[in-house]
Amino acid sequence: MYPNSPSVGRSPHPPRSIQPHTGELLSNVPLPPELLQAHLTYQKNANLSRMLMSGNVLAMSSMPSQQWSFGNRNPVINPISTPSQFQNRKLPFLLRQFLHIESLLRRRSDEGINQYELKRQRFHSPPQPPSVFHQSVPLRDDFHFSVPGLPIPQTQNGQISTSGDSWLFDEVETTLPVANDKLSQQILELFQACQQQITDLKKKDICRAELQREIQHIFPQSRLYLVGSSLNGFGTRSSDADLCLVIKDEPMNQQTEARHILSLLQKHFYTRLGYIERPQLIRAKVPIVKFRDKVSGVEFDLNVNNVVGIRNTFLLRAYAHIENRVRPLVLVVKRWAGHHGINDASRGTLSSYSLVLMVLHYLQTLPEPVLPSLQKKHPECFNPAMQLHLVHHAPRNIPPFVSRNQSSLGDLLVGFLKYFAIEFDWKNKVISVREGKAMHKMDGMEWRNKFVCVEEPFDRSNTARAVHEQPKFDMIQEEFMKAWVRLRDNRDLNSLLPLQRILGKQK
């Protein structure tokens, strides 16, 4: 599946460190020249990850090996408690082990790791303060997944195997709302044609799993999470994939630490991973590395320690599957906004994430709500202090919700456009899914000089996304007004989207 990856043939998770054992053994046993040369080669290439981190502002100091279990695979050389026990073993066994180590190291060297460059980086790297170290996220035996509970799909002859798939790969919602009118039927047809399929999700997770194995050779206890629309239920067949690399369980400075780590990964992807195409470091407020996976053809955005995205993924996933009208409505809104040029945060308009929150907010604020505020109704399931390895359980612990609002998809779409065209008070209100209502803007820097304010559900002091320019805001308002008037008059989705062309492309 990934023929150019240096990880082919490796253990899915990094073995425990063996250097202390070999150093202890060699200090007590005289070695013939062949074994001594193998040992020198091993020492020369040791600590690859620390060499790659030369100049790193995170300056990792030496830490004792933690006893995390990485599965049933044993290290190359089993730990031996005393030198006397070692001396009782036969010499050919030691020879085989050291030759195996030497072959592994030679392979890494052949893949482009220049030993002279590594040595030069080591001697020219800045001093490493002993008080600074990573608080890595621990890995438990049952957490070898994209998210705890999400298995790494296996491949057989390039085909995806469905054995062992968890609930996250299952179709959570199989029933669709009833469509008794033309507009509702058009929305359902668009949703069924464009929604992300389980096979699309699995392809993304295969690449995520391969990247996690590779990254763990540099950051052994890091975790790579699939987040965003790919996992929250609002993805389409053409959606990009978002990845969050978690290296430590505490806040990280995005402009220094995260950016430096991403620059290392960008170079690593470019020089070592043949299946990664066009890795680019984007120096945004939350920096990312953008790249394309040649195997699946999916575009990826990788960030570091932006853990709020993991929490948001499962909050939105809960909303997506608690009511069967939510996902079709969100998809058609995103399609409409993209077609009319107001769904591009990089150009100052609305992000897809903001559009999803706007739809949820509208459904919460109807006279007869379609959705509750899950954070208010089930605070124990969406505690912002909850440990990451428990976050994925939230959607499973929410009891069924039945709304008394029986509006059709068509009526909800028209109502959504009208609400933000003429009803919502943009000047004085903030969209809050956490509270399930529109809140008054408070005097503070987070709301100042912003025309569209969408509250971040897990961080009250910040905006999820905002529109800062008056011309962009005017354009957004105009598109909402035009769309509402058209649908109000003709109730035909073709007046907003080239429906037949979109459906034809998805076939």
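What FRET efficiency comes out for L366 versus N253 if R0 is 60 angstrom and r is the Cβ-Cβ distance? Round to the nearest 0.05.
Result of the calculation: an efficiency of 0.90.
Tabulate in residue order the Karplus-calculated ³J(HN,Hα) for the stretch 278-292, using 6.51 cos²θ - 1.76 cosθ + 1.60 with θ = phi - 60°, rounded to whole Hz; enter x for Gly and Pro.
6, x, 10, 8, 9, 8, 9, 4, 10, x, 9, 10, 9, 7, 10
At a Förster distance of 51 Å, what's the computed FRET efficiency of M386 paired with D489, Cβ-Cβ distance as r, to 0.05?
0.60
Net charge within 12 Å of N494 by Cβ-Cβ distance, Lys/Arg positive one each and Asp/Glu negative one each, not counting N494 itself?
That sum, taken over residues with Cβ under 12 Å, equals +2.
Does anything in the stretch 464-483 have its amide N under 19 Å from the 7 Å Cα→Cβ label point of E423, and if so which residues?
Hits in the stretch 464-483 for E423 at 19 Å: 477-483.
With charges set only on the Cβ (+1 for Lys and Arg, -1 for Asp and Glu), what does the dipole of the stretch 194-303 come to about its Cα centre, in debye to the nearest 20?
In total the dipole reaches around 240 debye.
On the full set of protein chains, 1.4 Å probe, figure out the accessible area of R396 and give it in Å² to the nearest 10.
Taking all protein chains as shown, R396 has close to 130 Å².
Tabulate in residue order the Karplus-calculated ³J(HN,Hα) for the stretch 316-321, using 6.51 cos²θ - 1.76 cosθ + 1.60 with θ = phi - 60°, rounded to whole Hz; enter x for Gly and Pro.
Once θ is set to phi - 60°, the couplings for the stretch 316-321 become 5, 5, 5, 5, 4, 10 Hz.
Considering only protein heavy atoms and a probe of 1.4 Å, how much of the accessible area of the stretch 193-283 is carbon and sulfur, as a whole percent?
46 percent
Which FRET efficiency, nearest 0.05, do H378 and Q406 yield, Cβ-Cβ r, R0 35 Å?
0.90
Taking a ≥ b ≥ c as the square roots of the eigenvalues of the Cα gyration tensor of the stretch 182-261, is the shape rounded (a/c under 1.5), prolate (a/b larger than b/c) or oblate?
Verdict is prolate for the stretch 182-261.
Per the 1.4 Å probe, what fraction of the accessible area of the stretch 328-383, in percent, lies on carbon and sulfur atoms?
Whole-percent figure for carbon plus sulfur exposure: 49.
If you count only protein heavy atoms with a 1.4 Å probe, what accessible area per residue comes out for the stretch 356-507, rounded to a whole Å²?
Heavy-atom accessible area per residue stands at 51 Å².
Per residue of the stretch 220-227, in order, report the coupling 6.51 cos²θ - 1.76 cosθ + 1.60 (Karplus, θ = phi - 60°) as ³J(HN,Hα) in whole Hz, putting x for Gly and Pro.
Residue by residue, the stretch 220-227 yields x, 10, 7, 10, 10, 9, 8, 10 Hz.
Quick one: which residues, 5 or more positions from T236 or on another chain, have an amide H under 5 Å from its amide H? H modelled 1.01 Å from N in the peptide plane, none for Pro or chain starts.
Here Q196 satisfy the definition.
Taking the solvent-accessible surface of protein heavy atoms with a 1.4 Å probe, what is the per residue accessible area of the stretch 273-338 in Å²?
I get 30 Å² per residue for this part.
Whose amide H sits under 5 Å from the amide H of K429, counting only residues 5 or more places off or on another chain, with H placed in the peptide plane?
K441
Taking amide H positions as placed in the peptide plane 1.01 Å from N, state which residues far from D344 in sequence (5 or more) or on other chains have amide H under 5 Å from it.
T349, L350
The values are calculated or read from the model by the stated rules, or taken from the named source; none is laboratory data. Computed from a prediction, not measured in an experiment: that's the story for all the values here. Positions of Cβ are backbone-derived with ideal geometry, glycine not excepted, and every protein chain shown enters the neighbour counts. Each accessible area value is taken on the protein alone, full model and side chains, heavy atoms only, with ligands, DNA and RNA left out. Shrake-Rupley method; radii C 1.70, N 1.55, O 1.52, S 1.80 Å.
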